C-alpha cells in the first residue's frame, strides 16, 4: 500500500513537472511572439510609406469605378460589394511583398529560424503585425470608399466587420505565399498566382456579407463563415509559413 | 560561468530527458562526421569531419568558394547535407534541432540588424526573442564593444565596422556554448580585431566552443586553434 501511494505520488510529481515545463515553454513562446510583433510595429512606424501605399491604392481603385461606370449612385450601388472586395484583395496583395522581404534580406529570418524558439509562433506574430498594419487600416477605410459608391450609412458597420474578419484570412494565406516565394527575385506575379485562388472563398463570402449589409438583411451567416475561415487560417497558416521559411532559407 | 544560464539550462534539461542520456553530454562537444554537400551539380563539401571539445576553437580556412559559409550553415542546420552527421553532446542535432539552436549563435557575413532601428533597439529585440535580458546587461555589452556613444543612432547611419561591433555585442549577450562565426573580423580596425580575439578567448575559457571561417588568421588572443582547410 505505501509503495503504491509512493508510486502515485511520484507519478503526480512528474506530471506536475512536465506541466510546469510546458507552461514555461508556452510562456517563452508568447514572450518571443510579443517581442517580434512589437519589433515589426516599431519598424513600420519608422517606414510609413509602406503603410500608406496599400491604403492609397485601395482609395484609388474604388475611386476609378465612379469615373469608369457612372457617377449615378443608383448604378454604382449594385456593384459596390464587388468593387470594395476586389480593391481590398488587391491592396492586401500589394502589401504582402513587404511581409518577409526585408527580414530575409538582413538576416532576421535566419536568426528567427536559429533562435531555438518556435518559428511557428514567430510567423504568427509577423502575420498578426501585418494584419494590424494593413488589414485593420483597410477595414477602417472601407466606409469612406463605400460611401463614395453610394452605400447607405446603415450598412457601414457590417462592411467594416466583414473586411476586418476577411482580411485576417487574406494576411494568413499571404504569409504562406510570401514565405514560399522568398528566394525568388521579382516574385510579385508568382505570389499573386499562388494566393489569389486560395483567397476566392474570402472574396465570395466577403462580397456576400457586404451585399446583405447594403440591403439591410441579416449578415450573420457569411460573417460566421469568414470567421471560420480565419480560425482555420490562424490554426494552420503559421505552421505552413514556418515550414516554407525553412525551405527558403536552405 | 555563463552570465545567464537560462538557455543552457533548458538545453541540458532537454538532453537529460532524452533517450541518449550519457555522461558528459552537457559538455556539448561538437562532432562532425563525413559531411557531403551538393549545391546543384557542385560538390561543395567533400567528406568534412572534425571533432571539437569544449573550450576549443576551430579555424576554417580556404579560398573563396571553397564552402566555408556552406559548412557553417550546414552545421547550424539551415542546410541539409546529402550525407554525414552533425552531433552535439553525443546526440544527432536533427533529433532536437530547436534545443541545438538554443545552444548556438550564428553570425553570417552581414550583421542581422535592422537599418531603421537603433543599435540598442536591435539588440533589445534580437536577444530578447531568445532570452530574458536583465536590466543593465545591454549597456554593459554595448560599452564592451565601444558603442556607448553611438548606440542610440539608427543602424542605417552606422559604418560597416560599427555594425559588426553591434553584432559582436549581441553574440556576447546570447551567452550560448557554441559560436559559429563567418568572417568575424571583416570591416574591423585593429582594436576591433583584438576585441574579437578577446571575446573568443573568453568564450573558450568558460568552456564554450567556437567555429570561425576566416580569410586571415584569427587574432593572436586566440591561442592554438585547431585548423581545417577546405579545398577549392
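The values are calculated or read from the model by the stated rules, or taken from the named source; none is laboratory data. Here the structure is a predicted model, which means the values were calculated and not measured. Positions of Cβ are backbone-derived with ideal geometry, glycine not excepted, and every protein chain shown enters the neighbour counts.
Key figures for this structure:
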| quantity | calculated |
| --- | --- |
| Whichever residue in the range B:71-83 is under 15 Å from residue A:109 (Cβ atoms) and touching a helix residue (DSSP H, G or I) at 6+ places or on another chain (Cβ under 6 Å) and, among such residues, is farthest from the other protein chains (Cβ to nearest Cβ) | B:77 |
| Criterion violated by residue B:125 - all others in (1) more than 10 Å from every other protein chain (Cβ to nearest Cβ); (2) under 14 Å from residue A:111 (Cβ atoms); (3) surrounded by fewer than 22 Cβ atoms within 10 Å (Cβ to Cβ) satisfied | (1) |
| Filtered residue count, the range B:138-160, keeping only those that are in contact with a helix residue (DSSP H, G or I) (Cβ under 8 Å, 6 or more places away or on another chain) and more than 21 Å from residue A:102 (Cα to Cα) | 11 |
| Conditions (1) within 13 Å of chain A (Cβ to nearest Cβ); (2) closer than 27 Å to residue B:199 by Cα; (3) in contact (Cβ under 8 Å) with a residue 40 or more places away in the chain; number of the one not met by residue B:86 | (1) |
| Count of residues meeting criterion [touching a helix residue (DSSP H, G or I) at 6+ places or on another chain (Cβ under 8 Å) and part of a loop (DSSP other than H, G, I, E, B)] in the range A:152-186 | 5 |
| Only listed residue being modelled with pLDDT of 95 or more and assigned to a helix (DSSP H, G or I), chosen from A:230, A:145 | A:230 |
| Candidates B:105, B:143 - the one that is outside any loop (DSSP other than H, G, I, E, B), within 14 Å of chain A (Cβ to nearest Cβ) and at negative phi | B:105 |
| Matching residues, the range B:124-138, being within 16 Å of the chain's Cα centre (by Cα) and either closer than 23 Å to residue B:187 by Cα or free of Cβ contacts under 8 Å to residues at least 60 places away in the same chain (or both) | B:126, B:127 |
| Failed condition for residue B:110, given (1) crowded, with 17+ Cβ neighbours inside 10 Å; (2) facing chain A (nearest Cβ under 7 Å); (3) not in a helix (DSSP H, G or I) | (1) |
| Some residue of the range B:87-95 being out of contact with any helix residue (DSSP H, G or I) (no Cβ under 8 Å at 6 or more places or on another chain) and under 23 Å from residue B:212 (Cβ atoms) | no |
| Residues within the range B:89-102 that are surrounded by fewer than 21 Cβ atoms within 10 Å (Cβ to Cβ), part of a helix (DSSP H, G or I) and either modelled with pLDDT of 95 or more or more than 7 Å from every other protein chain (Cβ to nearest Cβ) (or both), tallied | 4 |
| Filter result for residue B:224 (modelled with pLDDT of 90 or more and part of a loop (DSSP other than H, G, I, E, B)) | no |
| Condition broken by residue A:163, with the remaining ones in (1) at pLDDT 95 or above; (2) in contact with a strand residue (DSSP E or B) (Cβ under 9 Å, 6 or more places away or on another chain) satisfied | (2) |
| Every residue from the range B:138-160 that is surrounded by 13 or more Cβ atoms within 10 Å (Cβ to Cβ) and closer than 19 Å to residue B:107 by Cβ | B:138, B:141, B:142, B:144, B:145, B:146, B:147, B:151, B:155, B:158 |
